[in-house]
1. (1) more than 18 Å from GLU64 (Cβ to Cβ); (2) in contact (Cβ under 8 Å) with a residue 40 or more places away in the chain; (3) open to solvent by less than 80 Å² (accessible area, probe 1.4 Å): which one isn't true of LEU152, the others all being true?
2. Can you work out which of the residues in the stretch 92-114 that are of a type outside the set (A, V, I, L, M, F, W, C) and more than 16 Å from the ligand (Cβ to nearest atom) is nearest to the chain's Cα centre (by Cα)?
3. Mind checking which residues of the stretch 60-88 are in a strand (DSSP E or B) and either open to solvent by less than 60 Å² (accessible area, probe 1.4 Å) or farther than 11 Å from TYR162 by Cβ (or both)?
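The values are calculated or read from the model by the stated rules, or taken from the named source; none is laboratory data. Given the structure is predicted, the values throughout are model-derived calculations rather than measurements. Quick reminder, even Gly has a Cβ in these numbers, built from the backbone with ideal geometry, and neighbours come from all protein chains shown. The area values use the complete protein model at the heavy-atom level, side chains included, leaving out ligands, DNA and RNA. Shrake-Rupley method; radii C 1.70, N 1.55, O 1.52, S 1.80 Å.
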Amino acid sequence: MAKEDSEREPSWKSDFPIETRRGTHVSRREFAKFLGLLSGAFALSNGFIVIRAIAFPAEKLEGEHFVVNEDEVAVGEMFQFEIHGDKHIPYILIHLEENEWRAFEQKCTHLTCAVRYRKDENKIECPCHNGWFSADTGAVLQGPPPRPLPQLEVVVRDGKVYVKEKSKDQNA
Ligand code: FES
């Protein structure tokens, strides 16, 4: 005797016989392929960042730029600022000691995460991949960053803090 219409399997099930278990199963090969594609995408984006940095080096900073009044940043504190040119470049100003100031680009030289001064360590930290830089020179102390942080010269005059491009001898 033929089954009632309501009991019969819908015809699409026999036309497309997919088992739920097979439909959601991810084979080892598929997973490895996914991982391969993912790491390829990461490698490409890293390569793009490096190529862009080589092809479009940072522009020279012309003249002095006022940052902040000297008494607004206590010893041991960091002050974030930007210089507006063709691009907005973020920097950090660090009041290291009495009459000792440092200014660095805030973009980590690894993958451009924002770095910050850690007063407790007296170092600059990149929290993205545990990168560390010297707060005195910007040199890499630990982690994946390939280069020191670009540094500006700090000039304090009449209670005001200015920054300007570091001269070649100072960079050496
Ligand atoms: S982005 Fe700074 S350590 Fe990776």
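1. That leaves (1) as the condition not met.
2. First, the residues of the stretch 92-114 that are of a type outside the set (A, V, I, L, M, F, W, C): 95, 97-100, 102, 105-107, 109-110, 112.
Narrowing the set further to residues that are more than 16 Å from the ligand (Cβ to nearest atom) leaves 95, 97-100, 102.
On the way: HIS95: 23, GLU97: 27, GLU98: 30, ASN99: 30, GLU100: 27, ARG102: 20 Å.
Residue satisfying both the conditions and the ranking: ARG102.
3. Residues of the stretch 60-88 that are in a strand (DSSP E or B), as a first pass: 65-69, 78-84, 88.
Hits for the stretch 60-88 are HIS65, VAL67, VAL68, ASN69, MET78, PHE79, GLN80, PHE81, GLU82, ILE83, HIS84, HIS88.
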